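Participant: Got a structure for you, questions after.
Every number in this text was worked out from the coordinates using simple rules, so none of it is lab data. Just so it is clear, the structure is predicted and the values come from calculations on it, not from any experiment. Here Cβ is always computed from backbone atoms with ideal geometry, including for glycine, and neighbour counts include all displayed protein chains.
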Amino acid sequence: MIVLYNILMLTGIVLGFPLIVPMVLASDKRRKTLLPRLGLAALPEGISEHRSHKPDSKPIWVHALSVGEVISAVPLVKGLSGCFGDRNIVFSVSTKTGIEIASRLLKDCVDAIFFFPYDLPFSVKHISAKVDPAIVVIVESDIWPNFLLEMKKCKVPLALVNARLSNRSFSGYRRLSFFIEPLFLTFSKICTQTAEDARRFEHLGVPSNRITKTGNLKFDQKYNPIPKVELQRLRRSMHIRPGQNVLVAGSTHKGEETILVDAFSRMKEEFPDLLFIIAPRDPSRAESICQIFRSAGFSTYVLKDLDRLAPDTRVDVIVIDTIGILKRLYALADIAFVGGSLVHCGGQNPLEPALFSKPVLFGPDMSDFKQISHMLLDSGGAFRVHDAESLYDTAAMLLSDHDRSRNMGKSAFGVYYANKGAVEKTVDVIKGILIPQ
């Protein structure tokens, strides 16, 4: 099957070459990741330093697909560092934005950060030989046949952690079970978020003794209260007046802004002083989002332009054109809406605003965060909205009832606090692989 996979992949590359080249040249992200992911760029020095062929000195290789997985991996990496202080830890990511976040959050925790190879035989062989890991820990997803089989060939144990299988993924994998089952069998251990995820992996042919329910790493994100002085400074820099209510929509996807502008238009009629802050999942969409809100008559600016505004300038909407500040935005919000949920994108992490005791709103599609969203709903820490009208109704109710809003925020934080512990369990599984009893 791997031969057929490679034939189909290479055929697709050859046939699609006339389209691939312009796409790469037109995209800054693709240009900057191409050579490193092909294995044609130098790897960071931290990979080659202190190398040894002794099994007990090889590095732990942790891999995360992109931004969400990187954030999930942070507490795990810190846990591994505490448990295996004598080993190097190297960290790979598949996307440019993921690398940027990893470089900011993990620069003091790992020995090297680099791009994961494309699943081409020569790229996989070259990069994996350079890293020469003791174990590879894949966070949540990004499972590639050539890479997995190369690790098996080199007798490198694999662990899939914080693993989950959505309804869509499970159905797709079952249809391709003849190909998928051998891939999952390359993992020494699979650490799942829930018991349901564990059962689904068993249905795909993974023996139960290779599966451990460890919980969701997202619950182990470190809670760092943002100092009031910093929040006040942020409010001033964003022209937020004392006592002004703030609605934050985080990680929004294309198609959601037209729904959000409709809801916000209704809110402004009842709450004329309300400020709306939108942080799109892709910051490059900031200008197009501004146009949507300007066309509706709102005074709208991207974050980078706020410094040039006069202090008394009216600001209705701020669109975030950078990454890395969403947590601070949630901290100053009165209400948080989690994007990717009013369109069919699976939602984004609702624990991010819950960490700051904020009432959480999200749309109907939270399939990528099914367990967390249900827990928040059951606790009373979140509301599910379905369209502009229900978003307006719910936000207006919370803006009018401060006690209910505050209690919702407390309930949301309670869900986060009560479900910690996945890092310790996951580290124990990895320790059992590296140091068998």
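Participant: Counting Lys and Arg as +1 and Asp and Glu as -1, each charge on the Cβ, what is the dipole of the chain about the Cα centre in debye, to the nearest 20?
Facilitator: Dipole of the chain, to the nearest 20 debye: 1080 debye.
Participant: Of Ser128, Ser188, Ser284, which is the most mobile in a GNM of the chain whose springs link Cα atoms less than 10 angstrom apart?
Facilitator: Of Ser128, Ser188, Ser284, the Gaussian network model singles out Ser284 as fluctuating most.
Participant: I need the phi-derived Karplus couplings for segment 69-79: 6.51 cos²θ - 1.76 cosθ + 1.60, θ = phi - 60°, integer Hz, Gly and Pro marked x.
Facilitator: Whole-Hz 3J(HN,Hα) from phi for segment 69-79: 5, 4, 4, 4, 6, 4, x, 5, 4, 5, x.
Participant: Turning to a different aspect of this structure: Could you give the length gained by full extension between Val14 and Ala195, i.e. 0.36 nm per residue of separation minus their alpha carbon distance, to one decimal place?
Facilitator: Gain on stretching Val14 to Ala195: 60.9 nm.
Participant: Would you mind checking which residues have amide H under 5 Å from Phe337's amide H? H placed 1.01 Å from N; only 5 or more apart, or other chain.
Facilitator: Val248, Ala249, Gly250, Leu361
Participant: Where is the GNM fluctuation largest for the chain (alpha-carbon springs, 10 angstrom cutoff): Pro117, Pro207, Pro350?
Facilitator: Highest fluctuation among the options: Pro207.
Participant: Near the amide H of Asn245, under 5 Å away, which other amide H atoms are found, from residues 5 or more places off or on another chain, if H is placed in the peptide plane?
Facilitator: Leu275
Participant: Still on this model: By a straight-distance test (C-alpha under 16 Å), which aspartates and glutamates pair with Lys254 as possible cross-link partners, with residues fewer than eight away in the same chain excluded?
Facilitator: Asp262, Asp282, Glu287, Asp321, Asp365, Asp387
Participant: In addition: For Asn6 and Ser48, calculate 0.36 nm times their separation in residues minus their Cα-Cα distance, and state this gained length in nm to one decimal.
Facilitator: Length gained between Asn6 and Ser48: 12.2 nm.
Participant: Amide H of Ile135 versus every other amide H placed in the peptide plane: which residues, excluding those fewer than 5 positions away on the same chain, fall under 5 Å?
Facilitator: Sorted by chain and number, the residues that satisfy this are Trp61.
Participant: Fewest first, what order do Glu424, Glu256 take by the number of other Cβ atoms within 10 Å?
Facilitator: By the 10 Å Cβ count, ascending: Glu424, Glu256.
Participant: Next up: Please grab the % of Cα pairs in segment 188-254 that end up more than 13 Å from each other.
Facilitator: Across segment 188-254, Cα pairs with separations above 13 Å total 76 percent.
Participant: Can you give the extra length, in nm with one decimal, that the chain gains between Cys154 and Tyr223 once fully stretched, where that is 0.36 nm per residue apart less the Cα-Cα distance?
Facilitator: Taking Cys154 through Tyr223 to full extension adds about 20.9 nm, to one decimal.
Participant: Still on this model: Connecting C-alpha atoms closer than 10 Å in a GNM of the chain, tell me which of Gly255, Gly414, Gly363 has the biggest fluctuation.
Facilitator: Gly255
Participant: Still on this structure, please answer the following. If you plug each phi of segment 322-332 into the Karplus form 6.51 cos²θ - 1.76 cosθ + 1.60 with θ = phi - 60°, what whole-Hz ³J(HN,Hα) values come out, in order, with x for Gly and Pro?
Facilitator: Values, residue by residue: 9, 10, x, 10, 4, 4, 5, 5, 4, 5, 9 Hz.
Participant: If R₀ is 41 angstrom, what is the calculated FRET efficiency for the pair Ala26 and Lys431, using the beta carbon separation as r and rounding to 0.05?
Facilitator: According to the calculation, E is roughly 0.35.
Participant: Using the beta-carbon distance between His386 and Ala129 and R0 = 51 Å, what value does 1/(1 + (r/R0)^6) give for FRET efficiency, to the nearest 0.05?
Facilitator: 0.50
Participant: Over segment 259-322, what lengths in whole Å, largest first, do the semi-axes of the equivalent ellipsoid take, defined as the square roots of 5 times the eigenvalues of the alpha-carbon gyration tensor?
Facilitator: Semi-axes from the Cα gyration tensor: 18, 16, 9 Å.
Participant: Another one. Once phi is turned into ³J(HN,Hα) by the Karplus curve 6.51 cos²θ - 1.76 cosθ + 1.60 with θ = phi - 60°, what whole-Hz value does each residue of segment 366-377 show in order, with x for glycine and proline?
Facilitator: With coefficients 6.51, -1.76 and 1.60, one gets 10, 5, 7, 9, 4, 4, 5, 5, 5, 5, 5, 5 Hz.
Participant: Any idea which of Phe383, Ile320, His344 is furthest toward the positive side of the dipole for segment 228-418, if Lys and Arg beta-carbons carry +1 and Asp and Glu beta-carbons -1?
Facilitator: Positive-most Cα among the choices belongs to Ile320.
Participant: Give me the Kirkwood hydrodynamic radius of segment 228-418, using the inverse of the mean 1/r over all pairs of distinct Cα atoms, in Å to one decimal.
Facilitator: The Cα-based Kirkwood calculation yields 16.3 Å.
Participant: Please report His253, His374 as a ranked list, fewest other C-beta atoms within 10 angstrom at the top and most at the bottom.
Facilitator: His374, His253
Participant: Report D for the chain in µm² per second (integer): Stokes-Einstein, Kirkwood Rh on Cα pairs, 20 °C, 1.002 mPa s.
Facilitator: Reported coefficient: 92 µm²/s.
Participant: Let me ask something additional. With a ≥ b ≥ c the root eigenvalues of the C-alpha gyration tensor of segment 337-398, is it rounded (a/c under 1.5), prolate (a/b larger than b/c) or oblate?
Facilitator: Here segment 337-398 falls in the oblate category.
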